[in-house]
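Visitor: First, the structure itself, so that you have it in front of you.
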Ligand SMILES: *Cc1c(COP(=O)(O)O)cnc(C)c1O
């Protein structure tokens with residue numbers, strides 16, 4: 001790795017003399033990152049971890065006042081997001097049981113309907129400070145209607161923030177055109193940048209240009225021209241960079257840089273085109289196996305409409321779920337188990353083939369047949 005060689009050769013001088021100088025290491029990542037999420041380059045930056053960034057962004061964008069105090073989210077949000085939301089409320093002296101509006105799917109349904117989100121936003125109206133939802137729900141694989149929900153939040157005077165952990169690199173996004181206020185994502189799911197690797201944020205230019213917006217500040221968010229003058233007064237860099245705290249974790253960002261190069265080479269539109277077909281093929285394979293299979297049967301709870309999902313299909317098992325998951329894993333298939341009874345399957349266009357999906361179908365059918373005979 002170039003960065004390791006630079007470190008060995010240059011030591012601290014790598015800040016200025018490395019091939020990709022460490023001092024400005026995040027800068028060349030801004031354009032490719034912007035292409036992945038549909039932003040202007042100055043609206044994104046790679047920094048910290050996802051949950052850290054959610055907190056930093058909420059410090060700026062969740063500022064309850066008067067009767068506008070509530071946060072609206074999904075009841076089945078990713079646990080870390082829920083902890084972050086609850087703790088932000090508590091930090092402001094607000095009781096989450098009163099001020100967190102957590103939306104449940106309708107009785108007998110697994111996904112939350114977009115129209116129900118819109119209705120809840122209208123209902124809570126001027127008591128709503130923030131709408132904060134996962135763009136793709138990690139459990140069901142549902143992709144929400146980001147532009148409509150964002151517009152509805154704005155209509156009642158609320159801010160719209162999105163957790164895009166399962167959306168970034170999975171589905172083409174247009175965060176700027178959709179007028180999203182802020183968003184955050186990690187780089188180690190669809191963006192393949194390594195465990196715990198550096199995360200990303202989006203701050204809409206409308207807000208980013210306002211350098212007086214309250215924030216938790218650090219020197220890496222300070223005006224670049226003056227950073228090393230080491231003055232006591234903070235002067236934010238306009239744009240997402242103004243939310244940075246610390247100098248870049250270069251080794252983690254090096255992996256991210258290479259991953260983003262690959263996304264550029266493939267391009268989100270091509271990846272999405274293949275992804276829609278690959279996931280539709282998996283859906284077909286599952287349907288073929290599931291037909292007439294009551295014992296050890298299953299249902300796909302991810303929306304069947306391609307506009308409402310990315311790669312992932314979540315399969316709700318009606319029995320033998322955990323055994324089946326373990327058999328699949330033992331066969332060398334990487335799927336994921338979520339309590340109480342869901343197996344998540346995600347053929348990824350960057351490195352999975354149609355043949356992989358076909359072979360997965362063979363393994364799955366055999367495992368289900370074996371389980372039936374054992375009963
Ligand atoms: C993966 C994931 C996280 C994990 O947060 P980290 O801070 O990266 O550990 C948080 N929220 C969502 C929605 C996720 O999918």
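The values are calculated or read from the model by the stated rules, or taken from the named source; none is laboratory data. This one's a predicted model, so the numbers in the text were calculated from it and none came from an experiment. Every residue, glycine as well, gets a Cβ built from its backbone with ideal geometry; the counts of neighbours run over all protein chains shown.
Visitor: Restricting attention to the range 218-255, report how many residues are in contact with a strand residue (DSSP E or B) (Cβ under 9 Å, 6 or more places away or on another chain), in contact (Cβ under 8 Å) with a residue 60 or more places away in the chain and assigned to a helix (DSSP H, G or I).
Guide: Here the count works out to 4.
Visitor: For the range 125-145, which residues satisfy the criterion of being more than 19 Å from residue 82 (Cα to Cα) and touching a strand residue (DSSP E or B) at 6+ places or on another chain (Cβ under 7 Å)?
Guide: Step one: filter the range 125-145 for residues more than 19 Å from residue 82 (Cα to Cα), giving 125-127, 145.
Once the filter is applied, which keeps residues that are more than 19 Å from residue 82 (Cα to Cα) and touching a strand residue (DSSP E or B) at 6+ places or on another chain (Cβ under 7 Å), the range 125-145 yields 126, 127.
Visitor: Could you tell me whether any residue of the range 105-122 is in contact with a helix residue (DSSP H, G or I) (Cβ under 9 Å, 6 or more places away or on another chain), farther than 19 Å from residue 146 by Cβ and without any contact (Cβ under 8 Å) to a residue 40 or more places away in the chain?
Guide: Within the range 105-122 (the criterion being in contact with a helix residue (DSSP H, G or I) (Cβ under 9 Å, 6 or more places away or on another chain), farther than 19 Å from residue 146 by Cβ and without any contact (Cβ under 8 Å) to a residue 40 or more places away in the chain), the answer is yes, since at least one residue qualifies.
Visitor: In the set 66, 11, which member is at positive phi, out of contact with any helix residue (DSSP H, G or I) (no Cβ under 6 Å at 6 or more places or on another chain) and at pLDDT 95 or above? Full working, then the answer.
Guide: Values: 11 fails: at pLDDT 95 or above.
Criteria check complete, one pass: 66.
Visitor: When residue 288 is evaluated against the numbered criteria (1) closer than 28 Å to residue 105 by Cβ; (2) out of contact with any strand residue (DSSP E or B) (no Cβ under 9 Å at 6 or more places or on another chain); (3) buried (at least 19 other Cβ atoms within 10 Å of the Cβ), which criterion, by number, is the only one it fails?
Guide: It is condition (3) that residue 288 fails.
Visitor: Would you tally the residues in the range 229-242 being over 18 Å from residue 160 (Cα atoms) and either touching a helix residue (DSSP H, G or I) at 6+ places or on another chain (Cβ under 9 Å) or surrounded by 19 or more Cβ atoms within 10 Å (Cβ to Cβ) (or both)? So that I can check it myself, show each step before the final result.
Guide: First pass over the range 229-242, keeping only residues over 18 Å from residue 160 (Cα atoms): 229-238, 241-242.
This time we only want the ones that are either touching a helix residue (DSSP H, G or I) at 6+ places or on another chain (Cβ under 9 Å) or surrounded by 19 or more Cβ atoms within 10 Å (Cβ to Cβ) (or both), so: 230, 234-238, 241-242.
Of the residues in the range 229-242, 8 are over 18 Å from residue 160 (Cα atoms) and either touching a helix residue (DSSP H, G or I) at 6+ places or on another chain (Cβ under 9 Å) or surrounded by 19 or more Cβ atoms within 10 Å (Cβ to Cβ) (or both).
Visitor: Then there's this: Name every residue in the range 59-76 that is out of contact with any strand residue (DSSP E or B) (no Cβ under 6 Å at 6 or more places or on another chain) and within 13 Å of the ligand (Cβ to nearest atom), in order of residue number.
Guide: 76
Visitor: Starting from the range 77-100, keep only residues that are modelled with pLDDT under 95, then list their pairs with residues that are part of a loop (DSSP other than H, G, I, E, B) and surrounded by 12 or more Cβ atoms within 10 Å (Cβ to Cβ) whose Cβ atoms are within a distance under 6 Å, requiring at least 6 positions of separation or different chains.
Guide: What qualifies is 78/138.
Visitor: Now for a different question. Look at the range 81-101 and say how many of its residues are within 16 Å of the ligand (Cβ to nearest atom) and surrounded by fewer than 15 Cβ atoms within 10 Å (Cβ to Cβ).
Guide: 2
Every residue, every condition in (1) surrounded by fewer than 23 Cβ atoms within 10 Å (Cβ to Cβ); (2) in contact (Cβ under 8 Å) with a residue 60 or more places away in the chain; (3) in a helix (DSSP H, G or I), yes or no:
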{"residue": "16", "(1), (2), (3)": "yes, no, yes"}
{"residue": "20", "(1), (2), (3)": "yes, yes, no"}
{"residue": "31", "(1), (2), (3)": "yes, no, yes"}
{"residue": "42", "(1), (2), (3)": "yes, yes, yes"}
{"residue": "55", "(1), (2), (3)": "yes, no, yes"}
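Visitor: On to the next question. Restricting the first residue to the range 178-193 and requiring it to be free of Cβ contacts under 8 Å to residues at least 60 places away in the same chain, which pairs with a second residue that is assigned to a strand (DSSP E or B) and more than 9 Å from the ligand (Cβ to nearest atom) meet a Cβ separation below 7 Å and a spacing of at least six or different chains?
Guide: Note: pairs meeting the criteria are 180/160; 180/162; 180/202.
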